Every structure is written in C-alpha cells, then in structure tokens.
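Colleague: One structure follows; several queries about it will come next.
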C-alpha cells in the first residue's frame, strides 16, 4: 500500500483473473475481509435470487468447514478427558 492508498496487485493474480492496467475493480466489505470484484459490474442488490444463491453457497462452505473441524476433533484420542484435569491433585 502506498502513501496515496494505492494497492499493487501481484502479477500472477492479475494474470489469473484477467485484470489489466487501467481496469476498474470494486472493493467490497465482506466481514473481516475485503472482496475484490473485477469486470466493472457489481452484483445487482435487487436480484434476490442471485443473493440467495450466494448466501446458500457461503452457508454450505461454512458447514463444510465446521464439519471438518468436528471430524478432526472426534478422531483424535489424547488418552485423557477434560474431566480428569479437574480431578488431578484433589485428595479423595
């Protein structure tokens, strides 16, 4: 980022997405990230079916990520359980 708040796009990314010098790109807030939209055309906010499609795809990606985390946790056997930590050092 320059002092004029200009950003340089790496050549490999520009080539991959067909971004050319002088082309307009749009920067959209996306939660904790920024989404870059090329082609000079923003999705029409009034297009309800398109917004629902994007929402459904994002929801499916999130479910997939959460499923992967839960699967990884359940398959690891540490040899101990959290409850055992609370019982350590307690005279019984």
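Colleague: Look at the range 35-45 and say how many of its residues are at pLDDT below 75 and either surrounded by 11 or more Cβ atoms within 10 Å (Cβ to Cβ) or part of a helix (DSSP H, G or I) (or both).
Modeller: Filtering the range 35-45 for residues at pLDDT below 75 gives 39-45.
Next cut, either surrounded by 11 or more Cβ atoms within 10 Å (Cβ to Cβ) or part of a helix (DSSP H, G or I) (or both) only: 39, 43.
The qualifying residues number 2.
Colleague: When you look at residue 68, is it modelled with pLDDT of 90 or more and assigned to a helix (DSSP H, G or I), yes or no? So that I can check it myself, show each step before the final result.
Modeller: On the way: modelled with pLDDT of 90 or more: no; assigned to a helix (DSSP H, G or I): yes.
No: the conditions fail for residue 68.
Colleague: Just to be sure I understand, how many residues within the range 46-62 are part of a helix (DSSP H, G or I) and over 14 Å from residue 31 (Cβ atoms)? Before you say what the answer is, go through the steps one by one.
Modeller: Applying the first criterion (part of a helix (DSSP H, G or I)) to the range 46-62 yields 48-62.
From what is left, the residues that are over 14 Å from residue 31 (Cβ atoms) are 48-53, 56-57, 60.
The total comes to 9.
The values are calculated or read from the model by the stated rules, or taken from the named source; none is laboratory data. These numbers were taken from a predicted model, which means no experiment stands behind them. Virtual Cβ from ideal backbone geometry, glycine too; neighbours counted across all protein chains shown.
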